[in-house]
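Here is the structure we will look at, set down as structure tokens.
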Amino acid sequence: MEKFLVTFLPDNLSVSVAKDTTILAAAISAQIYINSACGGDGICGKCKVIVRGQVTSSQPNGSLTSEERKNNIYLSCFTTVQGNLEVQIPDSSRLNFDKLTPEELDERLSGLLVEPADTTGNNFGFCFDIGTTTISGQLVNLGSKNILGTRATYNQQAAFGSDVITRIIYAAKPGGLQQLHNCVCGTINQIIEELISVHKVELNNVNSIVCAGNTTMIHLLLNMDPAHIRRLPYVPKTSIPLVLPATKADINISTAGILRCVPGVSSYVGGDTTAGILSSGLYQKEKTCILIDIGTNGEIVLGNRDFLIACAASAGPAFEGSGLTCGMRASGGAIQKIQINKDDFNIEYSVIQGKKPHGICGSGYIDLLCEMLDAGIIDKNGRIKAENRRIRKTDTAKEFVVCFKEETDGVNDIVITEADIENLKRSKGAIYAATSILVKHLGLDFSGIEKFYIAGGFGTYLNIEKAIRIGLLPDLERNKFVFIGNSSLAGARQILLSSQEMDMADSLAAKITYFELSVEPGYMEEYSQALFFPHTDLTKFPTVKF
């Protein structure tokens, strides 16, 4: 088999690969992670690289500009090696898996207090929230029940796709499942190693680990084929509580250590939702409440102490900054708050860590949509109607310039296009419609909801008023909304510390009724009505005036 040398710059790392290997696959084999939000399908356009050498490319029309082609820029997922190469990876195409910044830790771990603890005992455990985007873990003294330390980092599976569907598809490729399994276990082991080192805990004294995550993440953790999650009849290999030796899942704790996975409900409502219900106390409430995790899956739970019903909105990763022209995670350089002057459309913004802007994160997009509506830049359908130096026509539609390139840390303007607005509109419409139809299904309306719990890191930066004004959240009294932070990790910790809580999680998972939106007759009509800002029926948003 003919092989060639591919050298990646500025890393100055080389790897030998077979002819016809994609540059993306070559980078992964060199443990260099290029942004590939679509899983290598040539859709997202995030994996651009500069190539010197002989390649062949079958990239989709429109994915690169003529100027980019002149400068030897290619999509790494659609470009194959035909000779020795040098590949320059721009910062904008690179996935950074460094530790989360203090701001990001605050976002992911809000509400989880770390107390001074005594490490003289000899029985310790870990709890983990295995998210699609980030993995968060805590080291706990099982004797004192104190949290010794907390870590969070990016899920390295992001190199193979930004959402669970692209990862399920990747898992079906030769060696794909093992790669995804190695990524999640490697990340967990990295957090374990760091925390036991800092807190001087012997690995042999770590005897238990509890993991909560969506159904796909748990399948990949356990090296189980997730293919049936996305195939009829959409039944996962398992959703029951799993208890097994941690070494069987390649997790490095005591050789006698036990791994417990929080039980899930269905293919798209997993153990992270069960853990969230447990930690929020929703199942104990006398009056009906809602728990929502605004993320890629958009899990929603409605209930009280008498019943629990859950669905998944399949909102996509737009509000996590993925699949958008200038979208990014809530990390350093992300614009998170925006104000637009209604007279001249000049913009004031705040950036995470105070850096020069690199892109826009989910909360920034919510602010931006609301401000563009307030200023009359877009109409209720999301079309750009105004005229200004910040508004430009492109080959396909219009775009609005949030930051000119002179203000940014890169060489391009930061913009929002009409296609981006459409993507965001569909995501917010999916979440609102799912919540609304779930409430209607039980013969209720939003006025009868006592509390609206918002889980996940996204909520800590979320402007409730603006989220309501664009139609992402229902128009309720603002004091009904409660941020509860990372409820999945909090629930996993409760289970780690108490066998009774594990029994309760088992009972909750069995008690939850899964509501399949795709077979609900009124869902598509509800969704269509939500594809406006804030909604086609303005009586549902009485406090919203533009």
Exercise. Residues being in a loop (DSSP other than H, G, I, E, B) and aliphatic (A, V, I, L, M): count how many of those fall in segment 467-519.
Key: 5
Quiz item: Can you tell me which residues in segment 20-60 are among the polar types (S, T, N, Q) and free of Cβ contacts under 8 Å to residues at least 60 places away in the same chain?
Solution: 22, 29, 31, 54, 56, 57, 58, 59
Quiz item: Does segment 244-262 contain any residue that is more than 24 Å from residue 309 (Cβ to Cβ), without any contact (Cβ under 8 Å) to a residue 40 or more places away in the chain and either of a type in the set (Lys, Arg) or not assigned by TED's automatic domain parsing to the domain that holds residue 167 (or both)?
Solution: yes
Practice problem: Scan segment 520-532 residue by residue and report those that are of a type in the set (A, V, I, L, M, F, W, C) and assigned to a loop (DSSP other than H, G, I, E, B). | Solution: 530, 531, 532
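Residue by residue, here is whether (1) at pLDDT below 95; (2) in a strand (DSSP E or B); (3) β-branched (Val, Ile, Thr) holds:
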position	(1), (2), (3)
104	yes, no, no
107	yes, no, no
114	yes, no, yes
127	no, yes, no
135	yes, yes, yes
149	yes, yes, no
166	yes, no, yes
178	no, no, no
189	no, no, no
Practice problem: Scan segment 224-254 residue by residue and report those that are modelled with pLDDT under 90, among the aliphatic types (A, V, I, L, M) and in contact with a helix residue (DSSP H, G or I) (Cβ under 7 Å, 6 or more places away or on another chain). | Solution: 235
Quiz item: Counting only residues that are in a loop (DSSP other than H, G, I, E, B) and touching an Asp or Glu at 6+ places or on another chain (Cβ under 8 Å), which one in segment 342-360 is surrounded by the most Cβ atoms within 10 Å (Cβ to Cβ)?
Solution: 357
Exercise. For segment 363-379, state whether one or more residues are part of a loop (DSSP other than H, G, I, E, B), under 21 Å from residue 544 (Cβ atoms) and β-branched (Val, Ile, Thr).
Key: yes
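Pick from 316, 376, 333: which is surrounded by fewer than 24 Cβ atoms within 10 Å (Cβ to Cβ) and modelled with pLDDT of 95 or more?
Sole residue among the options that is surrounded by fewer than 24 Cβ atoms within 10 Å (Cβ to Cβ) and modelled with pLDDT of 95 or more: 376.
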Quiz prompt | Unique match (being more than 17 Å from residue 289 (Cβ to Cβ) and crowded, with 22+ Cβ neighbours inside 10 Å) among 392, 469, 426 | solution = 469
Quiz item: Inside segment 309-325, can you point out the residues that are touching a helix residue (DSSP H, G or I) at 6+ places or on another chain (Cβ under 8 Å) and in a loop (DSSP other than H, G, I, E, B)?
Solution: 313, 314, 315, 316, 321, 323, 324, 325
Quiz item: Can you name the residue in segment 405-423 that is β-branched (Val, Ile, Thr) and more than 22 Å from the chain's Cα centre (by Cα) and is also surrounded by the fewest Cβ atoms within 10 Å (Cβ to Cβ) among such residues?
Solution: 411
Quiz item: Is there a residue in segment 223-236 that is of a type in the set (A, V, I, L, M, F, W, C) and under 25 Å from residue 500 (Cβ atoms)?
Solution: no
Exercise. List every residue pair whose Cβ atoms sit under 7 Å apart, with the two residues 6 or more apart in sequence or on different chains, where the first one lies in segment 188-214 and is more than 21 Å from residue 133 (Cα to Cα) and the second, anywhere, is exposed (fewer than 15 other Cβ atoms within 10 Å of the Cβ).
Key: 205/122; 205/123; 207/123; 207/256
Self-check item: Unmet requirement for residue 402, which otherwise passes all of (1) modelled with pLDDT of 95 or more; (2) in a loop (DSSP other than H, G, I, E, B); (3) crowded, with 16+ Cβ neighbours inside 10 Å
Solution: (2)
Quiz item: Is segment 380-389 home to any residue that is hydrophobic (A, V, I, L, M, F, W, C), at pLDDT 95 or above and closer than 21 Å to residue 358 by Cα?
Solution: no
Quiz prompt | Boolean, residue 402 is in contact (Cβ under 8 Å) with a residue 60 or more places away in the chain and farther than 24 Å from residue 538 by Cα | solution = yes
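Here's the yes/no breakdown for (1) in contact with a Ser or Thr (Cβ under 9 Å, 6 or more places away or on another chain); (2) hydrophobic (A, V, I, L, M, F, W, C):
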{"site": "493", "(1), (2)": "yes, no"}
{"site": "496", "(1), (2)": "yes, yes"}
{"site": "502", "(1), (2)": "no, yes"}
{"site": "511", "(1), (2)": "no, no"}
{"site": "521", "(1), (2)": "no, no"}
{"site": "526", "(1), (2)": "yes, no"}
{"site": "529", "(1), (2)": "yes, no"}
{"site": "537", "(1), (2)": "no, no"}
{"site": "544", "(1), (2)": "no, yes"}
Quiz item: Could you list, in sequence order, the residues of segment 511-527 that are small (Gly, Ala, Ser) and free of Cβ contacts under 8 Å to residues at least 60 places away in the same chain?
Solution: 518
Quiz item: How many residues does segment 42-55 contain that are out of contact with any helix residue (DSSP H, G or I) (no Cβ under 7 Å at 6 or more places or on another chain) and in a loop (DSSP other than H, G, I, E, B)?
Solution: 3
Quiz item: How about segment 207-308: which strands (runs of 3 or more DSSP E) wholly inside it have at least 3 residues that are surrounded by 21 or more Cβ atoms within 10 Å (Cβ to Cβ)?
Solution: 258-261, 289-293, 299-303
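Here's the yes/no breakdown for (1) among the acidic types (Asp, Glu); (2) on the phi < 0 side of the Ramachandran plot; (3) in contact with a strand residue (DSSP E or B) (Cβ under 9 Å, 6 or more places away or on another chain):
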position	(1), (2), (3)
421	no, yes, yes
450	yes, yes, yes
463	no, yes, yes
470	no, yes, no
497	no, yes, yes
500	no, yes, no
508	no, yes, yes
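The values are calculated or read from the model by the stated rules, or taken from the named source; none is laboratory data. Small disclaimer: the values here were computed from a predicted structure and weren't measured. Cβ: placed from backbone, ideal geometry, glycine included. Neighbour counts: every protein chain shown.
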